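Visitor: First, the structure itself, so that you have it in front of you.
The values are calculated or read from the model by the stated rules, or taken from the named source; none is laboratory data. What you see is a predicted model, and the numbers here were worked out from it, not measured in a lab. FYI the Cβ positions are ideal-geometry reconstructions off the backbone, even for glycines, and counts take in every protein chain you see.
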Amino acid sequence: MLTAGIDIGAKTIKIVIIDGDKIAAKNLTAAGYDVQESLKKAWADIEAQSGLRLADIGKVMATGAGRKDTLYTSDTITEISAAAKGAVALNRDVRTVIDVGAEEGRAIKLDAGGKVLDFAINEKCAAGTGTFTEAMARALEVPLEELGPLSLQSTQAVVMNAQCAVFAESELVTLIHNKTPKPDMARAIHDAIADRIVSLVLRVGLEEKVMLIGGVAKNIGFVTSIKRELETEVIVPEDCEFVGAYGAALAAAGK
Amino acid sequence: MAEEYWRWTESRWTDLGLSWKGGEIITAGVDVGSVSSQAVIMVDSRLYAYANTRTGSDSPNSAINVMNWALEDTDGLTLDKIQYTVGTGYGRVNVPFAQRAVTEIACHARGANFMYGPTVRTILDMGGQDCKAIHCDDKGKVTNFLMNDKCAAGTGRGMEVFADLLKVSINDMGELSLQVEEEPPPVSSTCVVFAKSEASGLLRAGWPKEKVLAAYSSAMVHRVVSLLERIGLEEDFAITGGIAKNKGVVLRLEKELGVKALEPKYDTQIAGALGAALFAKALVEKEKGKKK
């Protein structure tokens, strides 16, 4: 039976269709100003790309910040549950899930059975979210997707005192004035966001294996900073951004 | 060149009715903050002159610049005739000509005591990058304080971000936010970054600027009120810092607290520097006392 999960995030909508346990199709679309319109487009795209139609799908489950706002289903699952389900399906040994999206950061602790034991969320503050990296990339005048690779060329750690994205931007301006090399500033940005995430992780307690998911996990600079700070290996699945939607699709299948 | 909406007006002032030449104790206080810097000159117990400028990316020069500007219209008064200077603010260690540094909290309380009188007990300082709630006694001595310096919500930087977003001069934001017929619900986020995204959405949905400003001002007030509730509000209440000049925030704050703030007679941004100048005076008096 086909089931689908929709993850309506602050910035992007993710749809995952599964057949049994396997991902049959997936789609990422900007949430944009009108989420319903964007959802329609996302479904049309996934239908065109996979040949699977909404009508063929047995059950749809929604997750994400906008999960209650969709016409496609009234079945919802929290982001925490979705992330846990998805992560464990990808790797049974995962005990800590770190989910960093555009506007929220989450740390989830799991038991051996994949059940959620504890979680910590930052939803009030842009520091430790994708929005922070975007703002900093703009301030540095570097395209977002280049920020990560650039940071890997850093030769020294530069301290950024500010946690707040607004203050960090001012601090960046001062660093730029002082002719700090761009790679070092890029690294400082990732260290700053990693700091914030690590404090979330420490609240629930760190236990290996650790999996990093969400859009920000695509940023190699951030992944490097987190590994360095946690002093552990971190698993970043290939479809890191789709794990929430995958988890919702699994939930729809009763798994 | 793009217009800079965030550029608030710098100012200076001299009490032209006063002459420094007859003064026994002439002192100065310099407050170098992350966003603004002030220099205050006192002649005996009177406020003689002050200047309020934007801090550059370079604190030592900021102190010198603001001090020079304060000295500009002072009938020949020069730095060497000032007997004692106290530096404060986060850049207080970067006031090269100061004899001593005193913490900004202590200076703020002293300054507010002078500006608002001995009845003031709770001071809310909404500065460029931090927000402080200070309790003091009738002599302006600090009895308790709480500070948020980690988050832009409730600070001048937050306002600057909104000035840029709405393309409204920061000096006009207060008045504009009051031009709404009905108070809209506050933006849901106190985080400036998230509030800004939310505000962009509201603008796209057709909200006029004044409505968006009103919504943001309310959100900012909520943030600040929770700081005050944590420390407790004891009257009389006074507001210092740049945002005290924003009528829209002040009126909403008074409404939510159910308390009226004392009316400022001086530029609300000089409280720190003023307190520093008063500390300088006390230090001169102490030295003179020792010599006798």
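Visitor: Could you tell me which numbered condition B:S177 fails, if it satisfies all but one of (1) among the hydroxyl-bearing types (S, T, Y); (2) touching a residue at least 40 places away in the same chain (Cβ under 8 Å); (3) within 14 Å of another protein chain (Cβ to nearest Cβ)?
Guide: (3) is the only condition that B:S177 fails.
Visitor: Among residues belonging to segment A:140-180 that are over 20 Å from A:K227 (Cα atoms) and charged (D, E, K, R), point out the one that is farthest from the other protein chains (Cβ to nearest Cβ).
Guide: Applying the filter and picking the extreme gives A:E141.
Visitor: I've got another one for you. Scan segment B:44-60 for residues that are buried (at least 19 other Cβ atoms within 10 Å of the Cβ) and in a loop (DSSP other than H, G, I, E, B) and report the count.
Guide: 1
Visitor: Tell me whether segment B:231-241 contains one or more residues that are out of contact with any Ser or Thr (no Cβ under 9 Å at 6 or more places or on another chain) and not hydroxyl-bearing (S, T, Y).
Guide: Within segment B:231-241, not a single residue is out of contact with any Ser or Thr (no Cβ under 9 Å at 6 or more places or on another chain) and not hydroxyl-bearing (S, T, Y).
Visitor: Just the residues that are more than 9 Å from every other protein chain (Cβ to nearest Cβ) and not in a helix (DSSP H, G or I), please, taken from segment A:124-139. Steps first, please.
Guide: Initial filter on segment A:124-139 (more than 9 Å from every other protein chain (Cβ to nearest Cβ)): A:128, A:130, A:133-134, A:136-139.
A:G128 - this is the single residue of segment A:124-139 that is more than 9 Å from every other protein chain (Cβ to nearest Cβ) and not in a helix (DSSP H, G or I).
Visitor: Conditions: (1) assigned by TED's automatic domain parsing to the domain that holds A:V16; (2) within 15 Å of A:A84 (Cβ to Cβ). A:K209 meets all but one. Number of the miss?
Guide: Just one mismatch for A:K209, condition (1).
Visitor: Now for a different question. Just give me the residues in segment B:131-154 being without any contact (Cβ under 8 Å) to a residue 40 or more places away in the chain and either at positive phi or not hydrophobic (A, V, I, L, M, F, W, C) (or both), in sequence order.
Guide: Those that are without any contact (Cβ under 8 Å) to a residue 40 or more places away in the chain and either at positive phi or not hydrophobic (A, V, I, L, M, F, W, C) (or both): B:K132, B:D137, B:D138, B:K139, B:K141, B:T143, B:D149, B:K150.
Visitor: Return the only residue of B:L203, B:L213, B:L274 being touching a Cys at 6+ places or on another chain (Cβ under 9 Å) and either assigned to a helix (DSSP H, G or I) or of a type in the set (S, T, Y) (or both).
Guide: Being touching a Cys at 6+ places or on another chain (Cβ under 9 Å) and either assigned to a helix (DSSP H, G or I) or of a type in the set (S, T, Y) (or both) holds for just one of B:L203, B:L213, B:L274, which is B:L274.
Visitor: Quick one: in segment B:145-160, of everything that is surrounded by fewer than 24 Cβ atoms within 10 Å (Cβ to Cβ) and more than 8 Å from chain A (Cβ to nearest Cβ), which residue is nearest to B:I105 (Cα to Cα)?
Guide: My answer is B:F145.
Visitor: For segment B:61-84, indicate whether the set of residues that are crowded, with 16+ Cβ neighbours inside 10 Å, modelled with pLDDT of 95 or more, under 16 Å from the mean Cα position of the chain (by Cα) and polar (S, T, N, Q) is non-empty.
Guide: no
Visitor: Residues that are part of a strand (DSSP E or B), under 24 Å from A:L2 (Cα atoms) and either aromatic (F, W, Y) or in contact (Cβ under 8 Å) with a residue 40 or more places away in the chain (or both): does segment A:76-96 have at least one?
Guide: No, every residue in segment A:76-96 fails to be part of a strand (DSSP E or B), under 24 Å from A:L2 (Cα atoms) and either aromatic (F, W, Y) or in contact (Cβ under 8 Å) with a residue 40 or more places away in the chain (or both).
Visitor: Here is a list of conditions, (1) over 17 Å from A:K11 (Cα atoms); (2) within 27 Å of the chain's Cα centre (by Cα); (3) within 14 Å of chain A (Cβ to nearest Cβ); (4) outside any helix (DSSP H, G or I), and B:S189 meets all of them except one; can you say which number that is?
Guide: The number of the failed condition is (1).
Visitor: Taking the criterion of being touching a Gly at 6+ places or on another chain (Cβ under 7 Å), surrounded by fewer than 22 Cβ atoms within 10 Å (Cβ to Cβ) and either among the polar types (S, T, N, Q) or more than 29 Å from B:V102 (Cβ to Cβ) (or both), would at least one residue in segment B:211-218 satisfy it?
Guide: no
Visitor: Evaluate the following for A:I189: is it part of a helix (DSSP H, G or I), away from chain B (no Cβ under 14 Å) and buried (at least 23 other Cβ atoms within 10 Å of the Cβ)?
Guide: Values: part of a helix (DSSP H, G or I): yes; away from chain B (no Cβ under 14 Å): yes; buried (at least 23 other Cβ atoms within 10 Å of the Cβ): yes.
Yes.
Visitor: Confirm whether A:V142 is more than 15 Å from A:D99 (Cα to Cα), among the hydrophobic types (A, V, I, L, M, F, W, C), part of a loop (DSSP other than H, G, I, E, B) and touching a Leu at 6+ places or on another chain (Cβ under 8 Å).
Guide: Taking the combined requirement at face value, the residue satisfies it.
Visitor: B:A199 versus (1) without any contact (Cβ under 8 Å) to a residue 60 or more places away in the chain; (2) surrounded by fewer than 19 Cβ atoms within 10 Å (Cβ to Cβ); (3) not aromatic (F, W, Y): which is the lone unmet condition?
Guide: Tallying (1) without any contact (Cβ under 8 Å) to a residue 60 or more places away in the chain; (2) surrounded by fewer than 19 Cβ atoms within 10 Å (Cβ to Cβ); (3) not aromatic (F, W, Y), B:A199 fails exactly one: (2).
Visitor: Among the candidates A:T224, A:T155, A:T232, A:T180, single out the residue that is assigned to a loop (DSSP other than H, G, I, E, B), under 29 Å from A:G114 (Cα atoms) and not assigned by TED's automatic domain parsing to the domain that holds A:R67.
Guide: The unique qualifying residue is A:T232.
Visitor: Look at A:C240 and say whether it is within 14 Å of chain B (Cβ to nearest Cβ) and either under 23 Å from A:R106 (Cα atoms) or in contact with a Lys or Arg (Cβ under 6 Å, 6 or more places away or on another chain) (or both).
Guide: For A:C240, the condition - within 14 Å of chain B (Cβ to nearest Cβ) and either under 23 Å from A:R106 (Cα atoms) or in contact with a Lys or Arg (Cβ under 6 Å, 6 or more places away or on another chain) (or both) - is not met.
Visitor: Here's something else I'd like to know. Could you please let me know if A:A55 is without any contact (Cβ under 8 Å) to a residue 12 or more places away in the chain and more than 14 Å from every other protein chain (Cβ to nearest Cβ)? Before the answer, list the steps.
Guide: On the way: without any contact (Cβ under 8 Å) to a residue 12 or more places away in the chain: yes; more than 14 Å from every other protein chain (Cβ to nearest Cβ): yes.
Against the criterion (without any contact (Cβ under 8 Å) to a residue 12 or more places away in the chain and more than 14 Å from every other protein chain (Cβ to nearest Cβ)), A:A55 qualifies.
Visitor: To continue, here is another question. Determine which single condition A:G254 fails, assuming it passes every other condition in (1) out of contact with any Ser or Thr (no Cβ under 7 Å at 6 or more places or on another chain); (2) assigned by TED's automatic domain parsing to the domain that holds A:L140.
Guide: Unmet condition: (2).
Visitor: B:T78 versus (1) more than 14 Å from chain A (Cβ to nearest Cβ); (2) touching a residue at least 12 places away in the same chain (Cβ under 8 Å): which is the lone unmet condition?
Guide: (2)
Here is a yes/no grid of residues against (1) assigned by TED's automatic domain parsing to the domain that holds A:K255; (2) surrounded by 19 or more Cβ atoms within 10 Å (Cβ to Cβ); (3) in contact with a strand residue (DSSP E or B) (Cβ under 6 Å, 6 or more places away or on another chain); (4) of a type outside the set (D, E, K, R):
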| site | (1), (2), (3), (4) |
| --- | --- |
| A:A4 | yes, yes, yes, yes |
| A:I13 | yes, yes, yes, yes |
| A:G20 | yes, no, no, yes |
| A:E37 | yes, no, no, no |
| A:K40 | yes, no, no, no |
